[in-house]
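The values are calculated or read from the model by the stated rules, or taken from the named source; none is laboratory data. Bear in mind that the values here come from a model prediction, so they are computed numbers and not experimental data. Quick reminder, even Gly has a Cβ in these numbers, built from the backbone with ideal geometry, and neighbours come from all protein chains shown.
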Amino acid sequence: MKYAISKLMRYKYFRFIRNENLFIVLLAIIIGVLSGLGAVGVRFLIRFFQELFFGGNGIALLEPLRHLPWWYKALAPVVGGLIIGPIIYFFAREAKGHGVPEVMLATLLQGGKIRPRVAFIKAIVSALCIGSGGSVGREGPLVQIGASVGSSIGQAFNLSEKQVSTLVACGAASGIAAAFNAPIAGSLFAVEIILGDFGVAAFSPIVISSVMATIMSHYFEGDFAAFHVPAYKLVSAFELIPYAILGVIAGFVALGFIWFLYFSENAADRWAFPEWLKPAIGGAAIGVIALGIPNLLGVGYETINEALHGNLALWFLLLLIPAKILATSVTLGSGGSGGVFAPSLFLGASTGGVIGILFHTYFPTLTADPGAYALVGMGAVVGAATQAPITAILIIFELTNNYHIIIPLMFSCIISTLITTNIKKESIYTQKLKLKGINLTEGREENILKSIPVSHVMTNPVTYFNNTVNLETICDVALKSPQHVFPVVDEAMDYHGFFSMKELKSVLFDKGELANLIIAEDVIERKQAVPLDANVHEAMEILGNYGLEEIPVIDGNKLSGLVAAKQILDIYQMELHKRELAMAVASKRKFSDLTEGLYVGGGYRMDELGVPENMIGKSLQESDFRSHYGLEIILIRPNGNGSKKEMIPRPDYIFRKGDHILVMGALEDIRKYQKSMGIEGF
């Protein structure tokens with residue numbers, strides 16, 4: 001019924017809108033308007049909860065904090081955590097954390113599908129977390145809220161996966177645009193981080209959506225400035241030295257932030273404590289930290305503005321850097337909800353302020369005020385942490401409307417990003433997905449294809465020829481074979497090369513009268529082959545480089561089989577569906593919910609199993625699990641029940657004692673596996 005309605009809606013619209021791109025643009029306008037309204041609503045909720053918890057006008061936080069007793073400041077984040085924990089745990093676990101990795105995952109592996117409820121839940125819990133003192137930003141939630149709106153609209157019209165992903169990116173761009181009044185930066189954020197696609201078909205609706213979100217934000221809240229940026233000018237060429245130093249230090253600050261953030265998340269996940277209560281424990285830690293440094297509570301824009309105007313002392317800025325890393329990591333690690341964009345800006349302003357004070361103290365005539373360095377530092381840390389320097393540069397540029405800042409800004413941002421990318425491939429967003437076994441930095445296709453061994457897709461037996469067989473015999477056999485490529489071997493099955501059907505036909509026509517004198521060795525076209533221990537991504541590269549449909553597979557120098565492009569594409573689709581199923585299980589049901597098994601149709605079911613002793617210490621590829629047992633491993637939980645971090649299975653994953661696996665297969669195969677290994681389902 002739902003499908004029929006969506007088809008009817010599409011038909012109705014396409015009667016008037018023949019150009020599908022125009023239809024997507026119209027939807028992008030709607031998404032921009034709704035995301036802009038969502039951003040206005042979230043800012044209102046943050047002010048409401050902040051005023052509810054701390055008093056004041058809901059905008060300034062530091063001033064009302066001065067008049068509150070110490071116990072109240074310590075208790076407020078605990079109360080906030082007690083409220084948001086159960087909401088996230090029981091209604092939308094995707095709302096936990098900073099949100100952008102979940103949007104990237106949905107775009108790249110789930111066809112852009114995000115549950116509609118995520119927008120509402122994320123708005124509530126993020127506003128509560130920030131309003132009660134959580135040390136996180138509002139930009140990540142706005143991205144996830146906008147993306148959820150885009151996904152819901154795309155699914156309502158039953159659009160293709162690519163179109164839904166484009167609308168998700170429109171919503172993400174709208175969130176950033178509305179957060180900073182920066183439509184250009186919002187657009188680049190979506191294509192640089194969410195999509196990784198600068199094509200016009202995707203970029204046009206993203207830009208339009210960003211503009212509409214900015215217009216809605218302007219309409220309801222005026223042309224507000226997120227930060228009060230002082231006038232800036234480049235004093236001398238000498239300043240490139242401190243800006244270069246700032247870029248290097250900003251890179252290491254970003255690396256420290258990424259490392260400690262995920263260290264905290266992993267530590268909290270391993271902690272055997274009710275998950276819905278963990279945000280309250282994190283809130284207690286934040287309350288204690290804030291007793292000494294109240295600037296760490298909330299988004300932190302007031303402190304950033306103070307740093308931009310050079311009003312903070314050197315010692316205090318130095319203290320803020322590790323303290324902010326700790327506070328944000330504890331908030332998110334314990335299960336709070338909020339973004340990492342504003343904390344990155346906070347760290348950048350503090351880092352830049354330190355460099356600015358030091359150099360301006362000793363070189364006052366050659367350097368600008370410390371606030372200029374705080375501003376450039378904001379872009380440098382954001383660019384390094386997100387590994388998206390273009391977005392970082394444009395956000396700072398749109399905040400200042402000053403072209404003269406571009407030179408030092410680009411200089412520091414590129415240096416800081418080079419530092420992080422050379423030391424660590426994963427950004428603050430992709431690191432979360434890598435911990436689940438999803439390497440999005442390599443791209444969706446590469447990541448999946450690299451996980452599949454050639455041995456799982458090759459054909460064996462195949463039609464091959466001895467190197468001494470004459471052309472007439474070859475033609476009689478080859479013309480009846482469905483193969484396009486034919487390996488040539490000697491008596492010992494050592495591989496000599498291959499020829500294609502195209503090459504065979506050309507030889508036959510050119511030298512038909514010599515058919516009985518030509519042997520297989522004479523018509524070898526190429527000697528390339530794929531090693532048996534290679535993955536299908538490597539096989540696809542060889543097939544693509546030489547324009548082949550098939551390629552022989554060899555073990556050492558012995559012929560093992562043949563792998564075809566069609567086989568690779570078929571198994572790619574199967575693996576893609578398997579990963580979608582895995583992520584659906586991970587996001588909609590807890591791994592532990594499957595202790596009694598789950599019927600998935602077609603005679604198949606899923607069960608959680610322990611890993612037997614004979615697989616411990618071996619990789620997934622070495623165990624050859626699928627061939628031996630006829631079962632598919634959907635998810636792996638390292639260290640069994642002591643960990644909540646499920647991960648997509650990788651061929652190089654080494655099984656350890658206590659690991660659990662979620663498998664899918666026929667019931668009889670699951671029971672045979674359990675019986676042969678002497679274990680029971682959990």
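For GLU541, state whether it is closer than 18 Å to ASN460 by Cα and either modelled with pLDDT under 85 or surrounded by fewer than 18 Cβ atoms within 10 Å (Cβ to Cβ) (or both). Don't jump to the end; show me each part of the working.
Details: closer than 18 Å to ASN460 by Cα: no; either modelled with pLDDT under 85 or surrounded by fewer than 18 Cβ atoms within 10 Å (Cβ to Cβ) (or both): yes.
No; evaluated as a whole, the condition is false for this residue.
Which residue is modelled with the highest pLDDT, if the candidates are limited to region 655-668 and must be surrounded by 15 or more Cβ atoms within 10 Å (Cβ to Cβ) and either closer than 16 Å to HIS628 by Cα or of a type in the set (A, V, I, L, M) (or both)? Please lay out each step first, then the result.
Pass one, region 655-668, residues surrounded by 15 or more Cβ atoms within 10 Å (Cβ to Cβ): 655, 658-665.
So of that shortlist, the ones also either closer than 16 Å to HIS628 by Cα or of a type in the set (A, V, I, L, M) (or both) come out as 661-665.
Numbers: ILE661: 81, LEU662: 78, VAL663: 78, MET664: 76, GLY665: 75.
Checking each candidate, the answer is ILE661.
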Requested in this report: Might you check whether a residue that is basic (Lys, Arg), out of contact with any helix residue (DSSP H, G or I) (no Cβ under 7 Å at 6 or more places or on another chain) and within 24 Å of SER427 (Cβ to Cβ) occurs anywhere in region 159-168?
Outcome: yes
Report task. Could you tell me whether TRP276 is aromatic (Phe, Trp, Tyr), modelled with pLDDT under 90 and not in a loop (DSSP other than H, G, I, E, B)? Result -> yes
**Report entry** Matching entry among SER209, SER264 (being at pLDDT 85 or above and surrounded by 23 or more Cβ atoms within 10 Å (Cβ to Cβ))
**Finding:** SER209
Report summary line: Reported set for region 270-321 where residues are farther than 25 Å from GLY131 by Cβ and touching an Asp or Glu at 6+ places or on another chain (Cβ under 9 Å) is HIS309, GLY310
Query raised in the report: Looking only at helices (runs of 4 or more DSSP H) that fall completely inside region 340-440, which ones have 2 or more residues that are in contact with a Pro (Cβ under 7 Å, 6 or more places away or on another chain)?
Result: 341-362, 370-386, 406-423, 430-434
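Here is a check on your reading of the model: is GLY56 among the small types (Gly, Ala, Ser), within 30 Å of the chain's Cα centre (by Cα) and surrounded by fewer than 24 Cβ atoms within 10 Å (Cβ to Cβ)?
Working: among the small types (Gly, Ala, Ser): yes; within 30 Å of the chain's Cα centre (by Cα): no; surrounded by fewer than 24 Cβ atoms within 10 Å (Cβ to Cβ): yes.
Here the answer is no, as GLY56 does not meet what is asked.
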Requested in this report: Pairs only if they're at least six apart or on different chains, beta carbon under 8 angstrom, first in region 390-417 and in contact (Cβ under 8 Å) with a residue 60 or more places away in the chain and among the hydroxyl-bearing types (Ser, Thr, Tyr), second surrounded by 17 or more Cβ atoms within 10 Å (Cβ to Cβ) and not in a helix (DSSP H, G or I); list them, first residue then second.
Outcome: THR400/VAL229; THR400/TYR232; THR417/GLN387
Report task. Evaluate region 82-97: report whether one residue or more is under 26 Å from the mean Cα position of the chain (by Cα), under 28 Å from ILE208 (Cα atoms) and of a type outside the set (Lys, Arg). Result -> yes
Report summary line: Checked against (1) under 24 Å from PHE90 (Cα atoms); (2) buried (at least 24 other Cβ atoms within 10 Å of the Cβ), ARG117 satisfies every condition except (2)
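Tell me yes or no: at least one residue of region 76-86 is at pLDDT 85 or above and in contact with an Asp or Glu (Cβ under 6 Å, 6 or more places away or on another chain).
First pass over region 76-86, keeping only residues at pLDDT 85 or above: 76-86.
Add one more test, that the residue is in contact with an Asp or Glu (Cβ under 6 Å, 6 or more places away or on another chain), and what stays is none.
No, there is no match, as no residue in region 76-86 is at pLDDT 85 or above and in contact with an Asp or Glu (Cβ under 6 Å, 6 or more places away or on another chain).
Per-residue answers, yes or no, for (1) closer than 20 Å to VAL381 by Cα; (2) outside the structural domain of ALA127 (by TED's automatic domain parsing); (3) in contact (Cβ under 8 Å) with a residue 60 or more places away in the chain; (4) surrounded by fewer than 24 Cβ atoms within 10 Å (Cβ to Cβ):
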{"residue": "VAL288", "(1), (2), (3), (4)": "no, yes, yes, yes"}
{"residue": "GLY300", "(1), (2), (3), (4)": "yes, yes, yes, no"}
{"residue": "ALA307", "(1), (2), (3), (4)": "yes, yes, yes, no"}
{"residue": "ASN311", "(1), (2), (3), (4)": "no, yes, no, yes"}
{"residue": "LEU314", "(1), (2), (3), (4)": "yes, yes, no, yes"}
{"residue": "LEU320", "(1), (2), (3), (4)": "yes, yes, no, no"}
{"residue": "ALA323", "(1), (2), (3), (4)": "yes, yes, no, yes"}
Requested in this report: Would you please list the contacts, defined by Cβ atoms under 7 Å and residues six or more apart or on different chains, that run from a residue in region 490-503 that is assigned by TED's automatic domain parsing to the domain that holds VAL477 and at positive phi to a residue that is among the aliphatic types (A, V, I, L, M) and assigned to a loop (DSSP other than H, G, I, E, B)?
Outcome: GLY497/ILE524
Query raised in the report: Applying the selection to region 590-618, what residues are loosely packed, with under 14 Cβ neighbours inside 10 Å and modelled with pLDDT of 65 or more?
Result: GLU613, ASN614, GLY617
Query raised in the report: Are there any pairs with C-beta distances below 8 angstrom linking a residue in region 157-176 that is at positive phi and at pLDDT below 85 to a residue that is of a type in the set (S, T, N, Q) and part of a helix (DSSP H, G or I), with the two at least 6 apart or on different chains, and if so which?
Result: ASN158/SER6
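Answer yes if at least one residue in region 558-577 is at pLDDT below 75, surrounded by fewer than 21 Cβ atoms within 10 Å (Cβ to Cβ) and within 25 Å of ALA92 (Cβ to Cβ), and no otherwise.
In the first step, residues of region 558-577 are kept if they are at pLDDT below 75; the result is 569-577.
Then drop every residue that is not surrounded by fewer than 21 Cβ atoms within 10 Å (Cβ to Cβ), which leaves 569-577.
Then keep just the ones that are within 25 Å of ALA92 (Cβ to Cβ); that gives 576-577.
Yes, region 558-577 has at least one match.
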Query raised in the report: Which members of region 222-261 meet the condition of being modelled with pLDDT under 85 and surrounded by 14 or more Cβ atoms within 10 Å (Cβ to Cβ)?
Result: ALA226, PHE227, VAL229, PRO230, TYR232, LEU234, VAL235
